[in-house]
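Notes to accompany the following structure.
Computed from the coordinates by the stated procedures, all read-outs in this text should not be read as laboratory data. Source: prediction; values computed, not measured. Glycine gets a Cβ as well: all are built from the backbone with ideal geometry, and neighbour counts include every protein chain shown.
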Amino acid sequence: MSGPQCLWTIDGDAIWETDCGRSFVLITGTPLNNKMRYCPYCGCPLVTNERVDPGPPPKHPTRGFAGLSPERRREIARMGAQAAHARGTAHRWTPAEASKAGQKGGSVSQSRRKVQ
Ligand SMILES: [Zn+2]
């Protein structure tokens, strides 16, 4: 040992064995993650071998689109686009069309309401 310090080594998932012969359970992270600078048992500066750094657990597990791989996401997006085209609901706007629609203003929403 180089100097007075207490080496903590992780043993199992959350149990830390201390240099001074104690064991300490940390639910998440490392002692340093939890702002433990000194061993609470012997008072020596706390050091870890940092062999395993589990890090903070993800607070929000990724769901849905976010949890998918980019490839899968693209695939699904493509399928959706194809389905929209098949139903005839997809519309590709040109700048000219868009400005024309913009000029019509309120009449567009009125005529659309009658159709639906
Ligand atoms: Zn200690």
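Miscellaneous remarks
- Sites K35 and D13 - FRET efficiency at Förster radius 22 Å, r taken between beta-carbons, to 0.05: 0.60
- Taking 0.36 nm per residue of separation and subtracting the Cα-Cα distance, full extension of the segment from F24 to K100 would add 20.3 nm.
- Percent of beta bridges antiparallel (DSSP, region 6-48, rounded to nearest 5): 75 percent
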